[in-house]
1. What fraction of the DSSP beta bridges in the protein assembly as shown is antiparallel, stated in percent and rounded to the nearest 5?
2. Taking Cα atoms, how many degrees apart are the long axis of helix B:225-240 and the longest axis of chain B, rounded to 10 and kept between 0 and 90?
3. Any idea what angle helix A:137-149 forms with the longest principal axis of chain A, computed on alpha-carbon atoms, 0 to 90 degrees, nearest 10?
4. Given points 7 Å out from each Cα along the Cα-Cβ axis, report the A:T217 to A:K109 separation in nanometres with one decimal.
5. A drop of at least 30 square angstrom in accessible area, chain alone versus all protein chains together, probe 1.4 Å. Which residues of segment B:173-189 meet that?
6. Mind checking the dipole of chain B: about its Cα centre, +1 per Lys or Arg Cβ, -1 per Asp or Glu Cβ, Debye to the nearest 20?
7. Over its Cα atoms, what ratio of radius of gyration to 2.2 N^0.38 Å does the protein assembly as shown give?
8. Can you give the charge dipole size of the protein assembly as shown about its Cα centre, rounded to the nearest 20 debye, using +1 on the beta carbon of Lys and Arg and -1 on the beta carbon of Asp and Glu?
Amino acid sequence: MKSSIIVKDLHVNYGLITAVRGISFSFSSGEITCLIGCNGAGKSTTLKALAGLLPHSGQIIFDSKNMQVLSTPERLKQGIALCPEGRGIFPNLTVTENLQLGAYSKKTKLSDLLDRQFDMFPRLAERRQQQGGTLSGGEQQMLAIARALMSEPKMLMLDEPSLGLAPIIIEQIFQKFEDLRKTGLGILLIEQNASLALEISSSAYVLETGEIILHGTGAELLKDSRVQQSYLS
Amino acid sequence: MEEFLQHSLNGLSFGSIYALVALGYTMVYGILGMINFAHSEIYMMGAFMCYYFALWMGFQTPSPINFTLGLLFAGLMAGAIGFLVEKFAYKPLRKSPKMNSLITAIGVSILFQYGGQIIFGANPKSFPTLIEDQNLFEIAGSQIHLIDLLIYGVSALALLGLHFIIYKTQTGRAMRAVSSRPDMSPLMGIDNNKIISMTFIIGSVLAGIAAVLVSIKYPKIDPMMGSKIGMSAFVAAVFGGIGSLHGAIIGGLMLGVGEYYLIGYGASTYRDALSFTVLILILLYKPTGLFGSQLKEKI
Ligand SMILES: Nc1ncnc2c1ncn2[C@@H]1O[C@H](COP(=O)(O)OP(=O)(O)OP(=O)(O)O)[C@@H](O)[C@H]1O
Ligand SMILES: [Mg+2]
């Protein structure tokens with residue numbers, strides 16, 4: 001069965017500053033949905049609110065369950081994971097330890113989950129015992145993605161996963177997103193690289209100063225003149 | 001030479017105690033960035049809990065079982081008290097400026113000291129003999145006492161246990177994660193509040209155990225007994241690099257040994273001055289202490 005997260009009239013403020021002004025959108029399992037927009041549009045703010053890291057108003061409904069009353073750890077238990085902007089690696093923990101913490105709320109055996117991530121990211125396997133803070137930027141990004149997958153989420157939110165990665169690695173990682181999608185994972189993707197994101201997304205939203213100004217399939221937005229002007233060069 | 005060995009052994013015995021207590025300071029600092037000035041009073045409470053436990057159980061003859069039970073009970077109670085202090089005194093202030101928690105910590109410390117004088121009485125009490133001390137054997141002319149051996153052994157076990165928790169369990173990893181990126185840890189499903197409570201409990205258990213070991217060696221306890229050892233342990237933590245686990249252990253051992261050399265070589269009047277001198281020198285010349293790097297095993 002398909003699950004989905006429906007966001008209704010989401011508002012987020014930082015003190016007196018309003019960063020997200022009543023947006024509504026949805027995303028589903030087995031699909032990649034992307035959120036594009038300029039710097040400061042409110043994309044990261046939206047994901048943090050969905051993960052429960054920021055106070056917010058409006059409704060977040062995950063398979064007819066209300067999420068907005070739940071804390072961040074509780075939302076993770078429901079299957080909503082966030083791979084945050086800036087990666088958020090624990091610098092003093094090794095690669096393995098970072099991954100193990102990704103499965104903090106899991107009771108199942110960690111070694112199987114670990115092996116799966118090491119298979120998917122061989123680069124991390126080579127560096128198991130290295131401290132997270134000493135990894136290269138790209139390696140940290142892989143670690144952040146792998147760590148988010150350790151919780152076996154149903155819905156994965158990715159905040160600029162391609163940041164700092166070489167083009168060839170970006171292609172590989174996007175291929176992995178596509179593979180994960182096929183296994184039924186729902187992905188909500190934020191990307192600066194709009195053309196790449198729109199290509200793999202079945203549904204896409206354009207955010208501008210905290211409001212959604214456009215919505216369509218990835219293919220539709222790729223052809224949209226406003227999108228071409230502002231986000232594709 | 002014989003003397004030197006004897007002083008070193010005595011120093012190591014006291015240093016182990018400093019290390020156990022210093023860990024509580026350093027762990028709380030690592031996770032909350034505050035100095036828990038009430039830690040020395042949790043130590044004191046450990047001794048008193050054990051005292052009343054022995055009375056209540058009617059321990060008459062010294063025995064290894066009484067010793068073990070007393071140690072466990074003191075550790076358990078100290079852990080519970082540490083948990084409650086954090087929950088009721090510090091947690092409500094988590095979001096306010098650090099200075100508020102610092103002043104509260106001093107307040108809690110005073111509350112325990114003077115509350116203790118009212119409830120337990122200000123006069124020193126003689127601590128029950130949980131286990132009979134004896135000269136076990138001699139190494140190169142130095143007497144090895146049972147109680148010192150117990151201090152080494154129990155401290156080593158406690159440190160190994162701590163090491164296991166911090167480096168080999170999810171709770172320990174979570175403690176290190178919360179100390180470095182408390183903003184990110186909830187995304188792993190970590191409840192920061194639980195981990196902070198856990199840190200206080202573990203640090204307090206170690207203090208409770210240390211208190212019983214010391215009270216067996218020097219069987220006089222009173223409500224002010226925490227302040228001297230608390231001061232030295234705090235200095236040991238700063239010396240080793242506050243926030244660093246290994247720093248607290250090495251700082252504690254070094255300070256203990258240093259103090260015993262002073263006592264042993266006729267300068268015992270300066271014993272208490274040693275901690276202060278070390279503290280001032282460290283703060284002046286190397287405020288991060290021996291192991292106070294930013295990345296390494298900070299908890
Ligand atoms: N902690 C904060 N306090 C105050 N304002 C903030 C805070 N975080 C973000 N903002 C503001 O909220 C707005 C949206 O920020 P957000 O990080 O969501 O943008 P974004 O779309 O992710 O941008 P980028 O593409 O640069 O990552 C910006 O104007 C930003 O300055
Ligand atoms: Mg952003």
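The values are calculated or read from the model by the stated rules, or taken from the named source; none is laboratory data. Note that this is a predicted model, so its numbers are computed, not measured. Glycine gets a Cβ as well: all are built from the backbone with ideal geometry, and neighbour counts include every protein chain shown. Note: areas computed on protein heavy atoms with side chains; ligands, DNA, RNA excluded. Shrake-Rupley method; radii C 1.70, N 1.55, O 1.52, S 1.80 Å.
1. Here the share of antiparallel DSSP bridges comes out near 60 percent.
2. 60 degrees
3. For A:137-149 against chain A, the angle is about 90 degrees.
4. Computed distance between label sites A:T217 and A:K109 equals 4.3 nm.
5. B:R173, B:R176, B:A177, B:S180, B:R181, B:M184, B:P186, B:L187, B:M188, B:G189
6. Working: 18 positive and 14 negative charges, 249 e Å.
In total the dipole reaches around 1200 debye.
7. For the protein assembly as shown, the normalised Cα radius of gyration comes out at 1.18.
8. 760 debye
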